[in-house]
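The values are calculated or read from the model by the stated rules, or taken from the named source; none is laboratory data. Values in this document were obtained by computation on a predicted structure and should not be read as measured data. Cβ coordinates were reconstructed from backbone atoms using ideal geometry, including for glycine residues, and neighbour counts include every protein chain displayed. For accessibility, only protein heavy atoms count, side chains too; no ligands or nucleic acids. Shrake-Rupley method; radii C 1.70, N 1.55, O 1.52, S 1.80 Å.
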Amino acid sequence: MFSYRHAFHAGSHADILKHLTLIHLVEYLQEKPGALTIVDTHAGAEIYSLKDGFATVSKEAEGGIFRLQAFANSNPLPESIQRYLEAIQPENTPEELSTYPGSPFIIARLLRPQDRLKLFELHPKEIDILRHNIAELKQSKQIDIYAEDCFKRLKGLLPPPSRRGLVLIDPSYEDKQDYRYLEETMEEALKRFATGCYAIWYPTLSRRESAALPDQMKKIATKHKRSWLHAQLRIENAPGERRLQASGMFIINPPWTLEKHLSQALPVLTKALGVDGGAQFLLKSVEAKN
Ligand code: SAM
């Protein structure tokens, strides 16, 4: 079945964009005291070693988090990036980043007592590691884990009882059908819970479905009269190379603060992580017209 293991990609430039955005969304939504439900539809294993195992084979963290750390040692950083670096720090020492937290760990660490986290994971090995790691956090009353296909089950969780929710959708896109499932899921999700905040990560690949994804999301958001924000970070432009060179986040119902947050972070990330003259970012948002 699945061959994708997120440990190969932990701490990559794509994780940095995704997790920096995610942290801001959670913290913005927590400014109000009401309970928040966060759904992480593609959880992965929760925390990854950067010192051994898959991460040392792919070396993606070297072009990502390690590169950003080296940049941070000799350059001032905007608050948005400083906050991200703090949030990924808990399991590490100030001298050494030996692990990289995945989205379930980052979110779990931010939960307030009234918040809830719902995690989906399908991979038989990842789900075992995820269960083990989440048990270690001792937050079992707040976190539910589903070894199920999120595209089939998400709708059953919407809207959350508190009507305040964030859904992170982070497929591996290993299966080409994920693009279609994502569109169907977003259509259904917005029918059930139009005011939820949805954060969708996608890889920028030459594949037709990947190139079309932002436009498809814009169409769906516009049809449902929802505001959206689109951010993309490209670290290089090396046609023909198979490695991931750019990725994006598409947010439906973004908080008004997100554009400013990313407009501080993206130029610095482009400079810190860029490897050739093709490094660039994109940031665009559109307010819903009611
Ligand atoms: N969100 C994680 C993070 O940021 O740390 C990374 C997740 S990784 C990109 C995608 C994960 O989704 C993989 O572990 C994969 O096994 C899992 N997955 C793939 N299809 C799924 C589905 N339909 N439902 C639930 N999990 C799925």
Test Ser206 against the stated conditions and say whether it is open to solvent by 30 Å² or more (accessible area, probe 1.4 Å) and either of a type in the set (A, V, I, L, M) or touching a residue at least 40 places away in the same chain (Cβ under 8 Å) (or both). no
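Can you tell which of Ile200, Ile235 is within 16 Å of the ligand (Cβ to nearest atom) and open to solvent by less than 40 Å² (accessible area, probe 1.4 Å)? Outline the logic, then answer.
Working: Ile235 fails: within 16 Å of the ligand (Cβ to nearest atom).
Exactly one of Ile200, Ile235 is within 16 Å of the ligand (Cβ to nearest atom) and open to solvent by less than 40 Å² (accessible area, probe 1.4 Å), namely Ile200.
Being assigned to a helix (DSSP H, G or I), open to solvent by less than 10 Å² (accessible area, probe 1.4 Å) and among the acidic types (Asp, Glu) is the filter here, so list the residues in the stretch 1-47 that pass it. Don't jump to the end; show me each part of the working.
Here is the first cut: in the stretch 1-47, the ones assigned to a helix (DSSP H, G or I) are 6-8, 13-29.
Those left that are additionally open to solvent by less than 10 Å² (accessible area, probe 1.4 Å): 14-23, 25-26.
Asp15 - this is the single residue of the stretch 1-47 that is assigned to a helix (DSSP H, G or I), open to solvent by less than 10 Å² (accessible area, probe 1.4 Å) and among the acidic types (Asp, Glu).
Which one of these is aliphatic (A, V, I, L, M), closer than 21 Å to Leu36 by Cα and in contact with a helix residue (DSSP H, G or I) (Cβ under 8 Å, 6 or more places away or on another chain): Leu130, Leu77, Leu110? Steps first, answer last, please.
Numbers: Leu130 fails: closer than 21 Å to Leu36 by Cα; Leu77 fails: closer than 21 Å to Leu36 by Cα.
Just one listed residue meets the conditions, Leu110.
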What's the number of the condition Trp201 fails, among (1) of a type outside the set (Ser, Thr, Tyr); (2) in a loop (DSSP other than H, G, I, E, B); (3) in contact with a helix residue (DSSP H, G or I) (Cβ under 9 Å, 6 or more places away or on another chain)? (2)
Of all residues in the stretch 111-127 being open to solvent by 30 Å² or more (accessible area, probe 1.4 Å) and within 12 Å of the ligand (Cβ to nearest atom), which is farthest from Phe2 (Cα to Cα)? Lys118
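Quick check, is Leu158 over 20 Å from the mean Cα position of the chain (by Cα), aliphatic (A, V, I, L, M) and away from the ligand (no atom under 14 Å from the Cβ)? Explain how you work it out, then say what you get.
Working: over 20 Å from the mean Cα position of the chain (by Cα): no; aliphatic (A, V, I, L, M): yes; away from the ligand (no atom under 14 Å from the Cβ): yes.
Judged against the criteria, Leu158 is not a match.
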Report the residue count in the stretch 48-77 for those that are open to solvent by less than 50 Å² (accessible area, probe 1.4 Å), under 16 Å from Arg243 (Cβ atoms) and part of a loop (DSSP other than H, G, I, E, B). 1
Can you tell me which residue is most open to solvent (accessible area, probe 1.4 Å) among those in the stretch 78-110 that are touching a residue at least 24 places away in the same chain (Cβ under 8 Å) and away from the ligand (no atom under 16 Å from the Cβ)? Glu79
Do any strands (runs of 3 or more DSSP E) lying entirely in the stretch 216-290 carry at least 3 residues that are touching a Phe, Trp or Tyr at 6+ places or on another chain (Cβ under 8 Å) and among the acidic types (Asp, Glu), and which ones are they? none
Residues that are open to solvent by 70 Å² or more (accessible area, probe 1.4 Å), touching an Asp or Glu at 6+ places or on another chain (Cβ under 8 Å) and either among the aliphatic types (A, V, I, L, M) or touching a residue at least 40 places away in the same chain (Cβ under 8 Å) (or both): does the stretch 265-282 have at least one? yes
